[in-house]
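Structure first, then comments.
Values in this text are rule-based calculations from the coordinates and carry no lab data. Quantities reported herein were computed from a predicted structural model and do not represent experimental measurements. Quick reminder, even Gly has a Cβ in these numbers, built from the backbone with ideal geometry, and neighbours come from all protein chains shown.
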Amino acid sequence: EECDIGLIGLAVMGQNLSMNIASNGFKIGVFNRTYSKTVDTVEIAKKENLTIYGYKTLEELSKNLKKPRKVILLIKAGPAVDENINNILKYFEKGDIIIDGGNEWYLSSEKRIELCKEKNVEYIAMGVSGGELGARYGCSFMPGGSKYAYDCIKDILEKCSAKVGTSPCVTYIGSGSSGNYVKMIHNGIEYGDMQLIAESYFLMKHVLKYNNKKLSEVFKKWNEGILNSYLIEITYKILEKKDGLTENDLIDMIVDIAGAKGTGKWTMLESVERGIPCPTICAALDARNISSFMDLRTKTSSVFKTVIGAVPDNNTVTINDTIAKDIENDLLNALYCCKIISYTQGLFLLKKVSEEKKWNLNLGEIARIWRGGCIIRAVFLDRITNAYKNNKDLELLFLNEEFANEIKNKLPSLRKIINIATTHSVPIPAFSASLAYFQMITSKRLCLNMIQAQRDFFGSHTYKRLDKEGDYHTIWE
Ligand code: NBP
């Protein structure tokens, strides 16, 4: 067979994407390490009247690909990808194309790009977001690397991507490993969004004492406004769900320890390595890490008698319905405000890396392809696209006039929410970190003069003066 494209790795993502590609009219050949999964995939496709060509070996797959050969890898990131690329390179020739669709560490892709270059094989490192449903019915693709290769697969990617209106959620991201990097930042931002939503849920639960039904109604209402997004939508649906095994709601039966697969950690490593702070994402990652210490949390809560939602003895405020409505409204404002602040951080990191690596990233286009298919899809992203259309060199997202005005209007709500959470012993680290970041990055003067003085005091590290040029050292005692 002369297949248009090949796909390697038939776990959830690969299986679904191969069906998506087939249903868009392309001839696709697949290969998987364990052959039985290849057979399964071909069978499952048949049931949906789709034809997928399964091959027992990589060599057979390669022989059946149209030239230039194109193959997408959807396998566990890391050594398994190296192993498969080494095998592919035995059969691929000049001009053939390898596309890695996994969540790969960008520096690993850079090594593979070099390796492929030696054989004149073109390489694309492509972020894919949307989970299995996205893979099957339309996801957000973030392909970076060889522009020539991108043009060869553009048609397939556009047809298989999610659409917003008529625009496909895919664009050429930039050279090198930029596709991995953009996907990593997408996931980091996703961590922040999820944590901010979880904190909102927790605050309403413990301060306003809303039950799950009421909480679900609030998120449903929010989903009809400026916060309209996939994550808010699934939140209200989660809160509606009955357990089935007990009389309880399912959310109340789920252990409060959150897992992670590493892309949030990578975002933080990059943030720290490059000195570009992303404290909202950091708070989200720390929250997951703290959650893992269940035994320690249980032990310390009995030492400190920590009760989430408890108010101090001298607190006289009682929350009636009117006050609850006000707090709910402040929370909506605060959440939106933090979302702007969090995206500002993530996009600033992207901008800085783009400058350093000469990726020439178009941040407005990136926001556009996150608009559908992926986990952080939200109406809000249109406004980010517009902000960069107005000024492609926008230094910080919230310097855009519209966002700046919104933050100015909503900041009192954010302060109020942080006060309320503190008074009621409800930890909201992502909200707090967002406000602290905002206050610092918008302050002409910070406390860091004291740090410089201390450094000079104990280590003669010198300091600069406000009134004169040069480096100064003082004999402090
Ligand atoms: P996995 O990451 O679990 O990968 C398993 C697949 O890789 C299996 O089909 C396995 O074959 C195959 N594989 C091959 Br081919 N060679 C292998 C080798 N040498 N060692 C180990 N496995 C090998 O699959 P996934 O969850 O579908 O994810 C694929 C990629 O997409 C990952 O990078 C993931 O991070 C990314 N991603 C996943 C999602 C999601 O929602 N799951 C979303 C977005 C991105 P076998 O059948 O013989 O074991």
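Set the bar at 20 Å for Cα to Cα. Now go through Lys67/Lys94; Lys205/Lys261; Lys325/Lys416; Lys209/Lys325; Lys213/Lys325 and name every pair that lies beyond it. Lys205/Lys261, as the Cα separations exceed 20 Å there. Think of each Lys and Arg Cβ as +1 and each Asp and Glu Cβ as -1; about the Cα centre, that makes the dipole of segment 1-117 roughly 140 debye.
Compared with the alpha-carbon gap, the fully stretched path from His473 to Asp151 is longer by 110.1 nm at 0.36 nm per residue. Extension gain for Ile323-Arg297 works out to 6.2 nm (0.36 nm per residue, less the C-alpha to C-alpha distance).
Applying a threshold of 32 Å to the alpha-carbon distances of Lys147/Lys237; Lys237/Lys351; Lys90/Lys154 flags Lys147/Lys237; Lys237/Lys351 as lying beyond it.
Of the trypsin sites (Lys or Arg not before Pro) found in segment 337-378, the ones in coil according to DSSP and having at most 11 other Cβ atoms within 10 Å of their Cβ are Lys358.
Where only DSSP H runs of four or more residues are counted, the chain gives -18000 deg cm²/dmol as its mean residue ellipticity at 222 nm, each run worth -39500 (n - 2.57). Beyond 45 Å, what share of the Cα-Cα pairs of the chain is found? Please give it as a whole percent. I get 21 percent for the Cα pairs in the chain exceeding 45 Å. If R0 is taken as 51 Å, the Cβ-Cβ distance between Glu93 and Val255 corresponds to a FRET efficiency of 0.50. Which is the longest run of the chain containing none of the chymotrypsin sites (Phe, Trp or Tyr not before Pro) found in DSSP loop states (not H, G, I, E, B) with at most 15 other C-beta atoms within 10 Å? It runs 1-292. Looking at segment 5-176 alone, DSSP beta bridges between its own residues are antiparallel in about 30 percent of cases. Counting only alpha carbon atoms, the long axis of helix 12-23 and the longest principal axis of the chain meet at about 60°. Around the Cα centre of the chain, unit charges on the Cβ atoms of Lys, Arg, Asp and Glu (plus for the first two, minus for the last two) sum to a dipole of about 320 debye. For the Cα atoms of the chain, what angle does the longest principal axis make with the long axis of helix 294-304, in degrees from 0 to 90, nearest 10? Approximately 0 degrees, to the nearest 10.
With unit charges on the beta carbon (Lys/Arg positive, Asp/Glu negative), name the residue among Ala283, Asn333, Val255 whose Cα is farthest towards the positive pole of the charge dipole of the chain. Final value for the positive-end residue is Asn333. You can think of it this way: the chain between Tyr463 and Lys214 has 84.1 nm of extra reach, that is 0.36 nm per residue less the Cα-Cα gap. Computed from Cα positions, the angle between helix 263-274 and the longest principal axis of the chain comes to roughly 70 degrees. Within the set Lys220/Lys392; Lys27/Lys358; Lys27/Lys163; Lys214/Lys265, which residue pairs have Cα atoms separated by over 24 Å? The pairs that break the limit, which is 24 Å between Cα atoms, are Lys220/Lys392; Lys27/Lys358; Lys214/Lys265.
Quick one: go through segment 1-26 and flag any residue whose amide nitrogen is under 15 Å from the point 7 Å out along the Cα-to-Cβ line of Glu60. Zone members listed by number: 1-3, 7-9. Summarising the strand pairing of the chain, around 35 percent of its internal DSSP beta bridges are antiparallel.
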